[in-house]
Amino acid sequence: MKAALLAASFLLLLLGLSPAVFSVPAGDSGANPELLVYPKPEQFIGEWYDFSWSPTGDRIAAVANDYLLVMNADGTGAHALAHSEAVTRVLGWRSICWSPDGSKIIASNDYHIYIMNADGTNQIRIIEDYAWNPALSSDGTRIVFSKDWSGSELWIMNVNGSDSHLLLSSADTPFESNTLVFAYQAWSPDDSKIALLIRDWESGLTSLWVVNADGTNVTQILPGWKSFDIDSIQWSPDGKSILYASFAEEARGTCVINADRTNRTLLIPDGSYAAWSPDGTKIIFYYNPTIFLRDTYGNPLFSPGDYEIYLLDLQKPYVFPPDSDADGLPDLWELNHSLNPLNATDAQADSDNDGLSNLEEYTQT
Ligand SMILES: [Ca+2]
Ligand SMILES: [Ca+2]
Ligand SMILES: [Ca+2]
């Protein structure tokens, strides 16, 4: 591809045009990670979270602001399937699951669980009245979900509506508490286990647990951290580890931990919500490099438009902070200085005519 770019630049020179107008398209610079959605469609500028990659690998679902959206896996074609009127983001669109064949999406909104076609048509409430945070088993047959207005119960049912029953309650051993919330669930790829994110609204701590799919053998994986300091858990396609967004000050970014509790790793510094590709080789993530504040409920406060969606290829070397056009200027620095994070030629330009190139300005500050 580099040869093609050089040839194109040479052609531009022959034509008497400056090669500086030549923009490097996303995906061709060799940078890793790389901006996936840029610029973001106007409707979705703001906060993105809760990514979910379709099992067929070709599409990604996400929540952006109040929208449930789907886009192609190359970042193109983002379009809204549904809007939420819920008062807080925790009660808005959340916990997006795909059917194994990629034809249906299940997600919760405003205390109801919906199923819809993957194009957004035919939206049906399948579980009503204080049901949220669904997780669909990998074989597509069972749903676990939080129940009760506070989420103090974990229920399971067949997708056809049969055999709905309580799996765990906050009063059960080892919790023995009436202040716990089942805040997020994720099935292991072989459907033998369920990872649980549990919040204690009295102590303000969030912890990660794993339980057998029959409700036995409840095991703590991560200790309690401050409320909302971890979110959006997902099992790796190989079943070995669990991905989560960490907002904790000591390890802020997208993290993984082995399901046997070993090897907790900050995989993506300043990453947050993320999802594995079905083959486990890539991760889409939301990059959030600023130190953020919290609202009165402990939710992170984001300022719209500052953060971007990236793709990380786990099979290639990667560096942070992201520099998508590999011109030596990190993407965020370029965005903050009105440069183009997908055009490598601006590093040598002197935008403010002070005799220093943009790259010199970056390296000297
Ligand atoms: Ca750059
Ligand atoms: Ca650039
Ligand atoms: Ca300059």
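Throughout, read-outs are computed from the coordinates displayed, never taken from laboratory work. For clarity, every value in this text was computed on a predicted model and none was experimentally measured. Reconstructed Cβ throughout: ideal geometry from the backbone, glycine too, with neighbour counts over all protein chains shown.
Results, tabulated for the structure shown:
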| quantity | calculated |
| --- | --- |
| log10 of Debye I(q)/I(0), alpha-carbon scatterers only, for the chain at 0.10 Å⁻¹ | -0.64 |
| Cβ charges +1 (Lys, Arg) and -1 (Asp, Glu), total dipole of region 21-175, debye | 40 |
| Net +/- balance of residues flanking D110 in space, Cβ distance below 14 Å, scoring K and R +1, D and E -1 | -1 |
| Distance between region 182-254 and region 329-364 - C-alpha centres, whole angstrom | 41 |
| Space enclosed by the convex hull of the alpha-carbon atoms of region 173-275, per residue, Å³ | 88 |
| Exposure proxy ranking, count of Cβ atoms within 10 Å, fewest first, for D148, D214 | D214, D148 |
| Ordering of 57-66, 332-341 by packing [mean C-beta count within 10 Å, highest first] | 57-66, 332-341 |
| Table column - 3J(HN,Hα) (Hz), region 173-189, Karplus curve with 6.51, -1.76, 1.60, x for Gly and Pro | 5, x, 6, 6, 8, 10, 10, 8, 10, 7, 9, 6, 10, 8, 7, 5, x |
| Cα lying deepest toward the dipole's positive end in region 34-322, options N109, T219, A86, charges on Cβ | T219 |
| Linear extension gain, E85 paired with D129, 0.36 nm per residue minus alpha-carbon span | 14.2 nm |
| About the Cα centre, charge dipole magnitude for the chain (Lys/Arg +1, Asp/Glu -1 at Cβ), debye | 800 |
| Cβ-based exposure ranking for F51, F320, F285, in which fewest neighbours within 10 Å come first | F320, F51, F285 |
| Cβ-based exposure ranking for M71, M116, in which fewest neighbours within 10 Å come first | M116, M71 |
| Helical mean residue ellipticity (222 nm; -39500 (n - 2.57) per DSSP H run of 4+; nearest 500) of the chain | -2000 deg cm²/dmol |
| 0 to 90° range, to nearest 10: angle between helix 2-14 axis and the chain longest Cα axis | 40 |
| Members of K193/K316; K240/K282; K40/K282 lying beyond 22 Å, as alpha-carbon distances in this model show | K193/K316 |
